[in-house]
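What follows is a short report on a single structure.
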Amino acid sequence: MSHILERRRSALTGELLIRVGLAFAVISVLMLITNFQFIRAMAFPDPDDVMRMVQVRDLIAGQGWFDLTQHRVDAPHGGVAMHWSRLVDIPLASIIFLLTPLLGQAGAEMAAAVIVPLITFACALLLVARIAWRVVGGEAAGLACLSMALSVPLLAQIRPLRIDHHGWQIVLLLLAVNGLMARSPRFGGLVTGVALAAMLSISIEGLPLAAAICGIAALRWFGNRKDLHWFTHTMAGLAGGSAFIFLVTRGIGDLTPYCDAISPYHLGIFAVGAIGAWLLSRFEPMPRALLIGGLVVIAGAGGAIYALAARQCLAGPFSTLDPVVTRFWLAGIREGLPLWWQDIAMILQTLIPAGIAIWASMKLAGQSGGWLRRWWMDYTLLLIAALLVAIFVARAGAALGALAAVPIGWQIGQWLRASRNARKPSRRILGLVGAALVLLPALPLGLFAFAHSAQAEIGQAPGPGRSETPAIARAADCRLQDVAGALDRLPKGEIVAPLDIGPHILLHSGQSVVATGHHRASGAIRFQIDTFLAAPELAARRLRERGTSYVMMCPGLKEQQIYAGLAPDGLMAALQEGDVPGWLAPVAMPQGSRVKVWRIRADLP
């Protein structure tokens, strides 16, 4: 009975806001302290964060709202059309626009890169706490906040400077789940559908979890015929929200059936789902067999649209990539690989909390009744779906960590309560061990795992094709900002450089680059890989034919060591060993800089 009373609390009480506010204040201060050196150096965690800032800067400078092309990437072929959504640009651009008069452009960009992830974290924290508050109580809400803050996969996506789209996807997923708790199926379904539409417009990689939530809404209809509005209104919100967001962020100028972003055929599938659900609901009451058949027909119609309109996407969003690009670049993006490719720490940090969360959620379902039993059964299904997605795509562990926080918060509370009330020391110890078991996978690599200096290097023993220079952790460690002035003093031209350095060149100079690590630049990425692997004489001919002006490298970058190891007689191997071919003339860089730049000489054959 107590759980029912909890649900009838106001959704946002003062007590809840105080709990969330205190948790946010403490965790935010810790994140700012542990990331201080990164923030001071503007050392973004990932090249995608750098490219996001470049996109926002271009927007503020006057690039068209519907123009998502990076014109300084692969410029000879018209640039690269990015698959990213303007929704993520809005908060960044707004803060930069407002603060530039006070802090200057550089200061405003730094402030936005810190403030926006903290806002994202605050939203996620509030949405998780709200779920726990309404179904398991105040103590569990506070512990859910703690559990969420100690999820390493989640923390990696909401830390300061992490301005790419993953944090907002987590927020919108949690908003969709909050919609599933609404008293009104119509209102709750619309909230869930619109949240899913926004999540998918930001990145299509959220499609599996969106499908899982729509499936849960359909199961509610199947379980209780009066709950048909959960599915019909979720599909209506998804279809209508997707169409609206597409029009206001993409327009009608580009209706290409992309595999990696919401496209017209997706809108058609969602519309068929919404219309089909509404038509099917008109036959209620109907036999269960007819309902199942109707849902199968709706799913089949959506599948037919997909197969006919986007046949090239049937093998996945990256199926059209050049095989060489897939092998040498895509396969090296660790966070996009399955969980079994990750290190043991990441595997444990994903699987142990997820297992405890699913177990706790099943326990809650077993000891509950009525609507609450159904809620926890639905939540268990969603946790299982999130775990399956995370097993195949490791970075989805962030969404799993957010969802797992609610039942984990409750379970920790149970263990602590049992420990306080136990008379025997052995039982008290057992309760504390249970709580520690949940937290320990995250604690060693939690907040302070990100505290190492932005200048830190990781040692790596030299091997065939490698220089004696230790491999460095990230392209940000090359500190392109230190050579920005020198680069801008050079005549404008195209630079061929390792993929992860490309966004930094765009951010810190006015030069253009051959390619960056973004899959729509597949042709340019292939050209760059082939050039670095080619013999120096062949590389010179390729670059001159393209019209490239400069070659850049950063000694010790792991990407370069891969090229050198694969082609010991290639251009990159020669540059790594200091055997610079005569057709390259050195360009002076500031003293102490890691970056090396050469001009491609036009006066030699």
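What to note about this one:
- Hey, residue 348 assigned by TED's automatic domain parsing to the domain that holds residue 211 and in a helix (DSSP H, G or I) or not: yes
- Applying the set (1) surrounded by 20 or more Cβ atoms within 10 Å (Cβ to Cβ); (2) touching a residue at least 60 places away in the same chain (Cβ under 8 Å); (3) under 26 Å from residue 489 (Cα atoms) to residue 548 leaves exactly one unmet item: (2).
- Of the residues 100, 120, the single one that is at pLDDT 95 or above, under 27 Å from residue 63 (Cβ atoms) and surrounded by fewer than 18 Cβ atoms within 10 Å (Cβ to Cβ) is 100.
- The set of residues from the range 551-582 being β-branched (Val, Ile, Thr) and either modelled with pLDDT of 95 or more or surrounded by 24 or more Cβ atoms within 10 Å (Cβ to Cβ) (or both) comprises just one member, 551.
- Odd one out for residue 152, checked against (1) out of contact with any Phe, Trp or Tyr (no Cβ under 8 Å at 6 or more places or on another chain); (2) among the aliphatic types (A, V, I, L, M); (3) modelled with pLDDT of 95 or more: (3)
- Out of 96, 90, one residue alone is under 20 Å from residue 261 (Cα atoms) and either assigned to a helix (DSSP H, G or I) or not hydroxyl-bearing (Ser, Thr, Tyr) (or both). It is 90.
- Residue 382 outside any loop (DSSP other than H, G, I, E, B) and over 16 Å from residue 177 (Cα atoms): no
- Residue list for the range 106-131, restricted to those being aliphatic (A, V, I, L, M) and touching a Phe, Trp or Tyr at 6+ places or on another chain (Cβ under 7 Å): 122, 125
- One residue stands out in the range 486-500 among those that are part of a helix (DSSP H, G or I) and either free of Cβ contacts under 8 Å to residues at least 60 places away in the same chain or closer than 17 Å to residue 69 by Cα (or both): the one that is farthest from the chain's Cα centre (by Cα), namely 489.
- Only one of 279, 321, 339, 290 that is assigned by TED's automatic domain parsing to the domain that holds residue 225, surrounded by fewer than 18 Cβ atoms within 10 Å (Cβ to Cβ) and at pLDDT below 90: 339
- Once the range 253-276 is narrowed to residues that are aliphatic (A, V, I, L, M) and out of contact with any Phe, Trp or Tyr (no Cβ under 9 Å at 6 or more places or on another chain), the residue that is surrounded by the most Cβ atoms within 10 Å (Cβ to Cβ) is 274.
- Cβ-Cβ under 7 Å pairs, at least 6 apart or on other chains, the range 35-50 side under 16 Å from residue 501 (Cβ atoms) and modelled with pLDDT of 90 or more, far side surrounded by fewer than 22 Cβ atoms within 10 Å (Cβ to Cβ) and hydrophobic (A, V, I, L, M, F, W, C): 50/507
- Near pairs, Cβ below 7 angstrom, 6+ apart or cross-chain, from the range 197-208 (in contact (Cβ under 8 Å) with a residue 40 or more places away in the chain) to any residue that is among the hydroxyl-bearing types (Ser, Thr, Tyr): 197/242; 200/242; 201/85; 201/242; 201/249; 202/85
Residue-wise test of (1) of a type in the set (A, V, I, L, M, F, W, C); (2) closer than 23 Å to residue 368 by Cα; (3) assigned to a loop (DSSP other than H, G, I, E, B).
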| residue | (1), (2), (3) |
| --- | --- |
| 128 | yes, yes, no |
| 133 | yes, yes, no |
| 139 | no, yes, no |
| 144 | yes, yes, no |
| 148 | yes, no, no |
| 155 | yes, no, no |
| 163 | yes, no, yes |
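- Residues being in contact with a Leu (Cβ under 8 Å, 6 or more places away or on another chain) and more than 16 Å from residue 280 (Cβ to Cβ) - total across the range 209-237: 6
- Single condition residue 547 does not satisfy, out of (1) at pLDDT 90 or above; (2) under 33 Å from the mean Cα position of the chain (by Cα); (3) not aromatic (Phe, Trp, Tyr): (2)
- Residue within the range 205-213 that is modelled with pLDDT of 95 or more, touching a Cys at 6+ places or on another chain (Cβ under 9 Å), over 17 Å from residue 124 (Cα atoms) and assigned by TED's automatic domain parsing to the domain that holds residue 269 present: no
- Condition check for residue 3 on (1) under 24 Å from the mean Cα position of the chain (by Cα); (2) at pLDDT below 95: one failure, at (1).
The values are calculated or read from the model by the stated rules, or taken from the named source; none is laboratory data. Here the structure is a predicted model, which is why all the values come from computation and not from measurement. Counting neighbours? That spans all protein chains shown, and the Cβs are built from the backbone with ideal geometry, glycine included.
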